1. How much solvent-accessible surface does R136 expose, in Å² to the nearest 10, with a 1.4 Å probe and all protein chains in place?
2. Could you state how much accessible area K12 has, in square angstrom rounded to the nearest 10, with a 1.4 Å probe and all protein chains kept in place?
3. Hey, what's region 12-127 come to in accessible area per residue, 1.4 Å probe, Å²?
4. With a ≥ b ≥ c the root eigenvalues of the C-alpha gyration tensor of region 103-143, is it rounded (a/c under 1.5), prolate (a/b larger than b/c) or oblate?
5. Please give me the summed charge of the neighbours of G67: other residues whose Cβ is under 9 Å from its Cβ, Lys and Arg +1, Asp and Glu -1.
6. First check a/c for region 1-100, with a ≥ b ≥ c the square roots of the eigenvalues of its C-alpha gyration tensor; if it is under 1.5, answer rounded, and if not, answer prolate when a/b is larger than b/c or oblate otherwise.
7. Computed FRET efficiency, Cβ-Cβ of H193 and E126, R0 22 Å: what is it to the nearest 0.05?
8. What is the gain in length, in nm to one decimal, between Q55 and E32 on full extension, counting 0.36 nm per residue of separation less the C-alpha to C-alpha distance?
Amino acid sequence: MSRAAIVVNPVKTDAAALRAALRAAEQRHGWEETLWLETTEDDPGTGQARQALEQGADIVIAAGGDGTVRTVAEELRGTDTPLALLPAGTGNLLARNLDLTLDDMEHALDTAFGGTDRPIDVGVAELRDGGRTEKRVFLVMAGLGIDAQMIAATDDDLKAKAGWLAYVKAIGTVLRDKNELRLRYQLDGGRTHSTHAHSVLVGNCGSLPANILLLPDAAVDDGELDIVVLRPEGAVGWLRIVVKVFWENGVLRRTSAGRRLMGAGREVRAMNYLKGRELVVTLDRPHEVELDGDLFGRVSALRTRVDPGALRVRVPRGA
């Protein structure tokens, strides 16, 4: 009989309901009792995922938000042990990008015990500040600039009550600061470019909450990273970004008629799209960096690269 392990963020989940749903799913699929491992403030999932591997789990279920998923995936990357998702956070960004169920625990567990595996790419980020270098992974997006500052400015209590809408209040605060990035970047070992920007986002996936399609050409299994550099000049520049993201990407691209209306699509000077396997960014001074919505302090340089097909994710059969 197969055995699963589940890494549970107790703050994000109803433990009693989850245990009952697990027992029912184990019986339906003929699996042994699941190994239950809870995250802690000191260990958000690394040690628990490692313990699951050491005990020979056939699959590891991440029950929590994007941070729990990212941390568990960091340990499973490069192994044959698949990751299953039981979304319980604010964004649930990987689940959204894979079109997985977000609010159906029974379906999510049936997928974990009876689904099929899909290989996806993993982003690898080297975070550098002075003599410190830290290597982490991301599944959805890495960001410098406004998005990282927005996360830092978000009120946790408001986020718990209002979900992702709490970021809307934070972004107003950040935009008033006018804290631009001055940077040099190099794509796939090519020539070095110098620019200034409000934000640099490196994506393994393209969709955000509220149906926002930020990186329309991103695919989680194409062996490449999609990058956007936001550098609007004043209110007009921000307006063009809003139209591009919400209207062209969010509405027109989603239908064949809309794509015909777009034609080849207009380039927006305030948004520079890039695509490649490795991006190196060097900043004139340290700035906040985020990976999948978690802050990792300030960095003076960031190297991101793609690790193609490095993680197996459990998805429904026929998906």
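The values are calculated or read from the model by the stated rules, or taken from the named source; none is laboratory data. This is a predicted model, so every value here is computed, not measured. Note that we place each Cβ from the backbone using ideal geometry, even for glycine, and neighbour counts take in every protein chain shown. To get the accessible areas, we keep the full protein, side chains included, count just its heavy atoms, and leave off ligands, DNA and RNA. Shrake-Rupley method; radii C 1.70, N 1.55, O 1.52, S 1.80 Å.
1. For R136, solvent-accessible area is about 70 Å².
2. 90 Å²
3. Numbers: 4740 Å² over 116 residues.
Per residue, region 12-127 has an accessible area of 41 Å².
4. Working: a/c = 4.09, a/b = 3.01, b/c = 1.36.
Verdict is prolate for region 103-143.
5. Values: positive: R70; negative: D66, D292, D294.
That works out to -2.
6. On the way: a/c = 1.34, a/b = 1.15, b/c = 1.16.
Since a/c stays below 1.5, the shape of region 1-100 is classed as rounded.
7. Details: r = 19 Å, r/R0 = 0.88.
About 0.70, to the nearest 0.05.
8. Numbers: separation 23, 0.36 × 23 = 8.28 nm, distance 1.32 nm.
Using 0.36 nm per residue and subtracting the Cα-Cα distance, I get 7.0 nm.
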